[in-house]
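*Asks:* Mind looking over this structure? Questions follow.
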Amino acid sequence: MEQDWIWGLIGGLLIGTGGAVYLLANGRIMGASGIIGGLVDGSGHDTKWERLAFLAGVVLLPIVLYPLYGAVDTHITENWVVLVAAGLLVGIGTRLANGCTSGHGVCGMSRLSLRGFAATAMYITAGGIGVVLFRHLLGVI
Amino acid sequence: MRNLFAFLAGGLFGAGLFISGMTDTSKVQGWLDVFGNWDPTLAFVMGGAMIPMALAWLLRNRRSTPVLGGSFPPAPPQRIDRKLAIGSVMFGFGWGLAGLCPGPSVASLSYGGAGHWVFFAAMIAGMALTPTVRRALDRQVATA
């Protein structure tokens, strides 16, 4: 659809507003991998309720909005080998790098963090190479 | 109160991810796929998100503490180290393979179907394994 970019922009503004609230009110960086990862490896034990409350909001709002849209197709692959490999890479990669699209991308680059720009350049380049390799050359996705 | 604002922030994040179409893996892969039918949406989402976030960083500089108390996160180290590079490249490959990153993988759990749960479970397993991977990388550096 040609209006996709408008919805992208509106959605982006909402995402950034969420990050602004989390920083200014709670004093925290809105990084999805850090919020989840701290619960998984126990490093965020002291702030677990704040993390769980954040994630509850992330899960709940799409449930509220879903009926307005009807069927939403996420076009996810049915190849579970690909999904497991991708999930492991995303889980280990974001925790090793200490951030993902929200932490390094949205929060890091907006404060002109060198690490944010470096990480974002690297994961976008690797993602682009990945899609070309696995879609156009190997045909697995 | 902290939990309420965390929930509110998460809600805005989840709503934004849903509305922007970022839980649609074909839009993410379409943006990464410069040799295919390129989809520019992700650039608008990232650009849109950075506007309020940049304003928030400016406001942060005018305050000594967050509104709800506590302290602001310390300035991050500016070192581009091996872990940042290895991690970001691994993340990028996984992101391209499935078209999902951590935020959208949570936002889509309620409606995305079984595949989203498989990805989510593998991501959690990866996060649980990371301390081991990190130690192995550190050992390698120590012996090198």
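*Asks:* A:LEU133 fails exactly one of the following numbered conditions: (1) under 16 Å from A:VAL82 (Cβ atoms); (2) in a helix (DSSP H, G or I); (3) in contact with a Lys or Arg (Cβ under 7 Å, 6 or more places away or on another chain). What is the number of that condition?
*Replies:* (3)
*Asks:* Related question: State whether the residues of segment A:9-18 include one that is facing chain B (nearest Cβ under 7 Å), modelled with pLDDT of 95 or more and farther than 20 Å from B:GLY10 by Cβ.
*Replies:* Taking every residue of segment A:9-18 in turn, at least one turns out to be facing chain B (nearest Cβ under 7 Å), modelled with pLDDT of 95 or more and farther than 20 Å from B:GLY10 by Cβ.
*Asks:* While we're looking at this one, here's another question. Which one of the conditions (1) assigned to a helix (DSSP H, G or I); (2) within 19 Å of the chain's Cα centre (by Cα); (3) at the interface with chain A (Cβ under 7 Å from one of its Cβ atoms) does B:TRP117 fail to meet, given that it meets all the rest?
*Replies:* Answer for B:TRP117: the failing condition is (3).
*Asks:* I need the full set of residues from segment A:67-113 which are of a type outside the set (A, V, I, L, M, F, W, C), in a helix (DSSP H, G or I) and more than 18 Å from B:PRO131 (Cα to Cα), in order please.
*Replies:* Matches in segment A:67-113: A:PRO67, A:TYR69, A:THR101, A:SER102, A:GLY103, A:HIS104, A:GLY105, A:GLY108, A:SER110.
*Asks:* Residues of segment A:99-115 being more than 7 Å from every other protein chain (Cβ to nearest Cβ) and not small (Gly, Ala, Ser), which ones?
*Replies:* So the first thing to find is which residues in segment A:99-115 are more than 7 Å from every other protein chain (Cβ to nearest Cβ), and the list is A:99, A:103-104, A:108, A:112.
Across segment A:99-115, the qualifying residues are A:HIS104, A:LEU112.
*Asks:* Sort through B:LEU109, B:LEU100, B:LEU84 and tell me the only one that's under 30 Å from B:PHE5 (Cβ atoms), buried (at least 23 other Cβ atoms within 10 Å of the Cβ) and hydrophobic (A, V, I, L, M, F, W, C).
*Replies:* Of B:LEU109, B:LEU100, B:LEU84, the one residue that is under 30 Å from B:PHE5 (Cβ atoms), buried (at least 23 other Cβ atoms within 10 Å of the Cβ) and hydrophobic (A, V, I, L, M, F, W, C) is B:LEU100.
*Asks:* Which pairs have Cβ atoms under 7 Å, sit 6 or more apart or on different chains, and link a residue in segment B:3-32 that is within 11 Å of A:TYR22 (Cβ to Cβ) to one that is among the acidic types (Asp, Glu)?
*Replies:* If the second residue must be among the acidic types (Asp, Glu), the pairs left are B:ALA6/A:GLU50.
*Asks:* Now for a different question. Please go through segment A:74-109 and pick out each residue that is surrounded by fewer than 24 Cβ atoms within 10 Å (Cβ to Cβ) and touching a residue at least 24 places away in the same chain (Cβ under 8 Å).
*Replies:* Once the filter is applied, which keeps residues that are surrounded by fewer than 24 Cβ atoms within 10 Å (Cβ to Cβ) and touching a residue at least 24 places away in the same chain (Cβ under 8 Å), segment A:74-109 yields A:THR77, A:ASN79, A:VAL82, A:ASN98.
*Asks:* Another one. Do you know which residues across segment B:105-144 are polar (S, T, N, Q) and either within 16 Å of A:GLY91 (Cβ to Cβ) or modelled with pLDDT of 95 or more (or both)? Spell out the reasoning first.
*Replies:* Step one: list which residues in segment B:105-144 are polar (S, T, N, Q), which gives B:105, B:108, B:110, B:130, B:132, B:140, B:143.
Residues satisfying the conditions are B:SER105, B:SER108, B:SER110, B:THR130, B:THR132.
*Asks:* Let me ask another. Could you tell me how many of the residues in segment B:1-21 are facing chain A (nearest Cβ under 7 Å) and in a loop (DSSP other than H, G, I, E, B)?
*Replies:* Going through segment B:1-21 one residue at a time, the tally reaches 1.
The values are calculated or read from the model by the stated rules, or taken from the named source; none is laboratory data. The model shown is predicted, which means the values in this text are computed figures rather than measured ones. A quick note on method: Cβ atoms are made from the backbone with ideal geometry, for glycine too, and the neighbour counts reach across all protein chains shown.
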